Every structure is written in structure tokens, then in C-alpha cells.
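Before any comments, here is the structure.
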């Protein structure tokens, strides 16, 4: 998967369109937020096979459990299967994906911000920033 030459402008435009959106499972959750960013940067929709398959946290957990995974494990597996290379968090830079959480069952996906210092995540009030130091010990980063 290759980023467009103007991926930063495309990502900025996507983030601007996502700023006011509220978190909603199956429409605008942390995974679909990240998938939308990847699509903006590369043209590839990593979530094409899962869009519309869940509408609540319970349905999302049930969907992932079919394969024996937690949501976090499912996201990591999907990223690996789609060819994203796992990198140490310290080597993750703008536009890369981060999956983090205290437990895999409560994992979240986010995006390294354009400033490179914070992680952007979808929340009930829109896009929020989380400092790298707040991610906890269970963190996986992937190069887009």
C-alpha cells in the first residue's frame, strides 16, 4: 500500500471532515475513523469487508469473537493481513496507526497526528488527542 504524493493534504482534509462527527459503532468508531484516514492517504479501504456488520459495542465484540478475537486482536490481525508493517511506537510517525489499551478486549485504534506527538482517536465528542505517554503498555504501531 502506497501513500499518495499529497497524502498529508488529503489526511488534513479527512480530519477536518471528521472533527465534528460523534462516535457511533459501525459508522464512526475508532476503527472506522482509522480506516477512513488510511483510505484518504492511500485510496485503500481496509474496512470494506466489515462496514455495516455491527451497530453496537456488543455486536462488534460478537463479530470479532466469531474468529476467536477481541476487538483489539481483530484490528491488529486485519492490519497485518492487509500488509501494514508493525513498527516500534518510537518509529511511528504522522499518519501511522496505533492500537492501544490496557487489555486487548478494551483496545482502541488511533492515528499519529500531523504534529507527530499525539494520537488522534474518535470519541463521543469528536476527534480527541491523546499523548503518547498516556497509551499504556500494550501498544502496537503500524506503518501506513
ask   = Would you pick out the residues in the range 1-36 that are in a loop (DSSP other than H, G, I, E, B), in contact (Cβ under 8 Å) with a residue 60 or more places away in the chain and farther than 21 Å from residue 83 by Cβ?
value = 19, 20, 21, 22, 23, 29
ask   = If you go through the range 85-111, how many residues are modelled with pLDDT of 95 or more and farther than 19 Å from residue 122 by Cβ?
value = 3
query = Which condition number in (1) within 22 Å of residue 134 (Cβ to Cβ); (2) in a loop (DSSP other than H, G, I, E, B) is the one that residue 47 fails?
reply = (1)
task = Tell me which of these residue 117 doesn't satisfy, since it passes every other one: (1) farther than 13 Å from residue 89 by Cα; (2) in contact with a helix residue (DSSP H, G or I) (Cβ under 8 Å, 6 or more places away or on another chain); (3) exposed (fewer than 14 other Cβ atoms within 10 Å of the Cβ).
result = (1)
task = Identify, by number, the condition in (1) more than 12 Å from the chain's Cα centre (by Cα); (2) closer than 20 Å to residue 144 by Cβ that residue 67 doesn't meet.
result = (2)
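The values are calculated or read from the model by the stated rules, or taken from the named source; none is laboratory data. Every value quoted in this text rests on a predicted model; they were computed, and no experiment measured them. Here the Cβ is made from the backbone with ideal geometry for all residues, glycine too, and neighbour counts use every protein chain on show.
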